[in-house]
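Reviewing the structure listed below.
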Amino acid sequence: MPELPELEVVKEVLQRRIVGTTIESVEIVLPGGAIVVRDLTRGDSVAALTGATISAIARRGKFLVFALPPLYLVLNPKLTGRLQLAARAEKRMAKTHLVLALSSGDELRYVDQKTMGQLYLTRDLDAVPDFAGMGPEPFDISLDAFCARLKLYRGEIKGILTRGEFVAGIGNAYADEILWNARLHPYRKRTQLTSEEIVRLYEAMQSTLRDAVAKVRAEMGEQIHVKPRDFLAVHLKTGKPCPRCGTPISLVGANQRITNFCRTCQPGGLIKGM
Ligand SMILES: [Zn+2]
């Protein structure tokens, strides 16, 4: 589940390492490759990618966009997708579905244990599912605009934060971290938040994500396939002491939709037993 901080750092590494290189050969590894690669041009994606030069790489929300004029290759890694930069001789990881051999001698590989992510080949970014409707980037939105957008949404604050059309790039893990920093219970209703709490939420969103980008950058290095998360305060820290007050971190939910929070620092919520 790469979110804004991980993808921002992956983008930085790839900008440094592969912008300006040419794709010399393309291997869509079956059967997974046929599932993850979606050619929206309805053409021959191997032929279209072979010989293309990567002219720019950008991140937008939880997507990475590779510009291969006149085409774009757009990655939505969802919960399990990741990229790897490797030397050609390096053994492939299990569940490698796409391999682009670059003129630099490196290979850019797409690995996805559950084949959940997607790589779209397109001429039009708006044709990529969930792309055109994305909200602003968290670092680009002003406090006033944040407050105005928030009024458009009802329901629990964690659910709103993770909606890409509200702000882009925040998923389950960083929503937990932001709400812990803001000292807001994840199941507080948006309509119950005071204006002071909304300011706290906005400031926590910016500071949490900025700090995370710096920590991921320090820990990831060039190993873009790893996902450093040990530094998180509450997410995946069930039962560990809250770094602020020492209360064991609470857990609600299961599998990939878990919510972690500190019931002392983040009071409230209407669910029984919390
Ligand atoms: Zn606490």
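A compact table of results
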{"quantity": "Filter pass, Gly33 being among the small types (Gly, Ala, Ser) and open to solvent by less than 10 Å² (accessible area, probe 1.4 Å)", "calculated": "yes"}
{"quantity": "Criterion (over 28 Å from Val213 (Cα atoms) and part of a strand (DSSP E or B)) met by exactly one of Arg109, Arg38", "calculated": "Arg38"}
{"quantity": "Among (1) surrounded by fewer than 19 Cβ atoms within 10 Å (Cβ to Cβ); (2) outside any helix (DSSP H, G or I); (3) within 16 Å of the ligand (Cβ to nearest atom) - the single one Gln266 does not satisfy", "calculated": "(1)"}
{"quantity": "When residues of the stretch 252-261 are limited to those that are outside any loop (DSSP other than H, G, I, E, B) and away from the ligand (no atom under 14 Å from the Cβ), the one farthest from Leu161 (Cα to Cα)", "calculated": "Asn255"}
{"quantity": "Pair list, Cβ < 6 Å and 6+ apart or interchain, from the stretch 225-253 residues that are touching a residue at least 24 places away in the same chain (Cβ under 8 Å) and within 17 Å of Leu184 (Cβ to Cβ) to residues that are open to solvent by 70 Å² or more (accessible area, probe 1.4 Å) and within 16 Å of the ligand (Cβ to nearest atom)", "calculated": "Ala233/Pro243; Ser250/Arg263"}
{"quantity": "Those residues of the stretch 42-78 which are modelled with pLDDT of 95 or more and either in contact with a His (Cβ under 6 Å, 6 or more places away or on another chain) or of a type in the set (S, T, N, Q) (or both), in sequence order", "calculated": "Thr50, Thr53, Ser55, Asn76"}
{"quantity": "Odd one out for Phe139, checked against (1) over 23 Å from Asn76 (Cα atoms); (2) among the aromatic types (Phe, Trp, Tyr); (3) open to solvent by 20 Å² or more (accessible area, probe 1.4 Å)", "calculated": "(1)"}
{"quantity": "Scope the stretch 175-215; condition closer than 30 Å to Gln84 by Cα and at pLDDT below 95; matching residues", "calculated": "none"}
{"quantity": "Some residue of the stretch 88-96 being hydroxyl-bearing (Ser, Thr, Tyr) and open to solvent by 40 Å² or more (accessible area, probe 1.4 Å)", "calculated": "no"}
{"quantity": "Counted residues, the stretch 181-192 - those being farther than 13 Å from Gly268 by Cα and touching a residue at least 40 places away in the same chain (Cβ under 8 Å)", "calculated": "1"}
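The values are calculated or read from the model by the stated rules, or taken from the named source; none is laboratory data. Keep in mind that what you see is a predicted model, and the values were worked out from it rather than measured. Here the Cβ is made from the backbone with ideal geometry for all residues, glycine too, and neighbour counts use every protein chain on show. These accessible areas exclude ligands, DNA and RNA; they are computed on the full protein's heavy atoms, side chains included. Shrake-Rupley method; radii C 1.70, N 1.55, O 1.52, S 1.80 Å.
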